[in-house]
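Right, one structure below, let's go through it.
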Amino acid sequence: MISFFVCLALLIGGYFIYGGFVSKTFGPDDRVTPAVSMEDGVDYVVMPTWRIFLIQLLNIAGLGPIWGAVGGAMWGPSVFLWITFGTIFAGGVHDFASGFMSMRHQGLSVPELTGMYMGNAMKQVMRVFSTVLLFMVGVVFAVGPAGLLSYLCGQGGSTGIITNKYFWLSIVFAYFFIATFLSVDKIIGKLYPVFGICLIIMAIGVGFGTIAKGYDIPEIFPLRNMHPNGISVFPAMFISVACGAVSGFHSTQSPIMARCCKSEKLSHMVFYGAMVAEGIIALVWAAASCALFPIEGGLMTGLKEAMAVGQSGCVYNICATTMGGFGAILAMLGVIACPISSGDTAFRSARLTIADALHLDQKSYKNRLILTIPLLILGVLVSQLDYTSIWNYFASTNQILAAIVLWTAAMYLRHEGKNGFIAAVPATFMTAVTVSFVFDSKLYLGSIPFFPVISRYVGVGIALVLFLLFVLKAPKGEKKLK
């Protein structure tokens, strides 16, 4: 249990110490933000700081810090290290950079920012890549809650239409349409802070219940791989645990709140702070997952059995065990609300990304409908595919995007004549992770003979080459704004 509290203290301290260093490096000032200079009553709307923080937390959270942390616990308490140091040195920098750069550049979405500092070819790639990722996130965060709601109704002894996943899926997509289409302060601005508070209370309840009921949270050291299937820690764990450590999806969400901040100086609290809060939530869920289920032969066999009935059922069991009846209801409400809220902002971000690329003014109802309706119709169609396949592609493309955004942040800082290494080092690590995964996984190139054998060498090698190119070739003090 000592490891858990040490990691918790490091996360809190990391917000103040390293988060302050990151803020000083990027250098927010008193210039007028897009929320003020470009206010349109739809996407550019000034909102109170506390509200923006809670919305950002809910937007980036979804099922990520819960399902990702629970899945990551299959490797045992070593996942605590990735959650802690990933959040402080990678995720926090990634989220701060994407929010700050968007604010500095008229609230633009991440593909446009990437194009400014990594070239037009990368901008075109990112337009497609980020839109596809957002689309997959929206679908994943629709199918997940729909399945959970149908599961809960079945647990309550109900039968008929309310236990049908497709009934709930239709309701979720109907809500997605409303939230994606309306202005940001109508539903998102009013309801999401409440759900954000529920998310925090839920994590406190799970953490307190785990400790108060005497469950033993295992220690990190000695480091060991406790995955029942023997899956190696690198790169798989770093792909599985994304939203609780570093997640490219966050960079697609940050511009939404960047268009609502009245000052650049809010970047530390809103973007870095929300990432640290999410890291704490992930740490709590990972700790509970390691503590509540039997460990046999040094392997997380109990958690594997709990996951075999589905992630929804596993999360439900954790909530019921740690908090009892009323607490479980509150927690499950949070688990349902979180992904739905991230799903609709994913579709909203997709709308904004496409609108930025096409220079399509979103103040017009007609223009919003032109983008919103096709996106959601396609989402309904894709939601019929195998959920596991969608989730696996989401997890990997998510981390690829994180690596690209971190390289973009490094280039931005270098162009500004500042210390780009705070972004380049985590970018190098995430490049090694993602390239290794591409060569190792059967989702991509892993089915080709010998590729899995050389995957780590290729991943690390390419990452080091990119780092050397950054050190030797990246221009210093030269802004590239077009």
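The values are calculated or read from the model by the stated rules, or taken from the named source; none is laboratory data. These numbers come from a predicted model, not from an experiment. Virtual Cβ from ideal backbone geometry, glycine too; neighbours counted across all protein chains shown. Each accessible area value is taken on the protein alone, full model and side chains, heavy atoms only, with ligands, DNA and RNA left out. Shrake-Rupley method; radii C 1.70, N 1.55, O 1.52, S 1.80 Å.
Just a few scattered comments:
- Filter result for residue 436 (touching an Asp or Glu at 6+ places or on another chain (Cβ under 8 Å), more than 20 Å from residue 98 (Cα to Cα) and of a type outside the set (Lys, Arg)): no
- Of all residues in region 1-51, exactly one satisfies the criterion of being modelled with pLDDT under 95, crowded, with 18+ Cβ neighbours inside 10 Å and among the β-branched types (Val, Ile, Thr), namely 42.
- Within the option set 221, 176, being of a type outside the set (D, E, K, R), assigned to a helix (DSSP H, G or I) and in contact (Cβ under 8 Å) with a residue 12 or more places away in the chain holds for one residue only, 176.
- In region 13-51, the residue that is nearest to residue 426 (Cα to Cα) out of those that are among the basic types (Lys, Arg) and not in a loop (DSSP other than H, G, I, E, B) is 24.
- Whichever residue in region 91-144 is in contact with a Ser or Thr (Cβ under 8 Å, 6 or more places away or on another chain), surrounded by 22 or more Cβ atoms within 10 Å (Cβ to Cβ) and β-branched (Val, Ile, Thr) and, among such residues, is farthest from residue 29 (Cα to Cα): 143
- Any chance residue 349 is in contact with a Gly (Cβ under 7 Å, 6 or more places away or on another chain) and either in a helix (DSSP H, G or I) or under 23 Å from residue 251 (Cα atoms) (or both): no
- Residue that is modelled with the highest pLDDT, among those in region 297-314 that are surrounded by fewer than 23 Cβ atoms within 10 Å (Cβ to Cβ) and among the aliphatic types (A, V, I, L, M): 299
- Selection from region 391-424 of residues that are assigned to a helix (DSSP H, G or I), over 18 Å from residue 113 (Cα atoms) and open to solvent by 30 Å² or more (accessible area, probe 1.4 Å): 391, 392, 393, 421
- Qualifying residues in region 163-186 (those that are among the aliphatic types (A, V, I, L, M), within 13 Å of residue 344 (Cβ to Cβ) and open to solvent by less than 30 Å² (accessible area, probe 1.4 Å)) - the one modelled with the highest pLDDT: 172
- Members of region 425-451 that are out of contact with any Lys or Arg (no Cβ under 9 Å at 6 or more places or on another chain), part of a helix (DSSP H, G or I) and either open to solvent by 60 Å² or more (accessible area, probe 1.4 Å) or not aromatic (Phe, Trp, Tyr) (or both): 425, 426, 427, 428, 429, 430, 431, 433, 434, 435, 438
- Taking region 76-87 as the range and being part of a helix (DSSP H, G or I) and open to solvent by 10 Å² or more (accessible area, probe 1.4 Å) as the test, the residues that pass are 81, 82, 85.
- Subset of region 185-202 (residues that are outside any loop (DSSP other than H, G, I, E, B) and among the aliphatic types (A, V, I, L, M)): 188, 191, 194, 197, 199, 200, 201, 202
- Enumeration of residues in region 244-265 that are assigned to a helix (DSSP H, G or I) and more than 25 Å from residue 181 (Cα to Cα): 264, 265
- Look at region 16-43: where a residue is closer than 16 Å to residue 423 by Cβ and a partner is part of a loop (DSSP other than H, G, I, E, B) and of a type outside the set (Phe, Trp, Tyr), sitting 6+ places away or on another chain with Cβ atoms under 6 Å, you get 25/418; 25/419.
- Residue check, residue 243 surrounded by 24 or more Cβ atoms within 10 Å (Cβ to Cβ) and modelled with pLDDT of 95 or more: no
- Odd one out for residue 232, checked against (1) small (Gly, Ala, Ser); (2) closer than 29 Å to residue 77 by Cβ; (3) in contact with a helix residue (DSSP H, G or I) (Cβ under 6 Å, 6 or more places away or on another chain): (3)
- The test for being assigned to a loop (DSSP other than H, G, I, E, B), in contact with a Cys (Cβ under 9 Å, 6 or more places away or on another chain), on the phi < 0 side of the Ramachandran plot and of a type in the set (A, V, I, L, M, F, W, C) does not hold for residue 231.
- Hits in region 187-214 - residues which are of a type outside the set (A, V, I, L, M, F, W, C), farther than 26 Å from residue 70 by Cα and open to solvent by 60 Å² or more (accessible area, probe 1.4 Å): 190
- Some residue of region 473-480 being part of a helix (DSSP H, G or I) and not acidic (Asp, Glu): yes
- For the criterion of being in contact with a strand residue (DSSP E or B) (Cβ under 6 Å, 6 or more places away or on another chain), buried (at least 16 other Cβ atoms within 10 Å of the Cβ) and of a type in the set (A, V, I, L, M), residue 226 passes.
- Subset of region 337-365 that is among the small types (Gly, Ala, Ser) and without any contact (Cβ under 8 Å) to a residue 24 or more places away in the chain - its residue that is surrounded by the most Cβ atoms within 10 Å (Cβ to Cβ): 355
- Screening residue 95 against (1) farther than 19 Å from residue 406 by Cα; (2) of a type in the set (Asp, Glu); (3) out of contact with any Lys or Arg (no Cβ under 9 Å at 6 or more places or on another chain) leaves a single unmet condition, (1).
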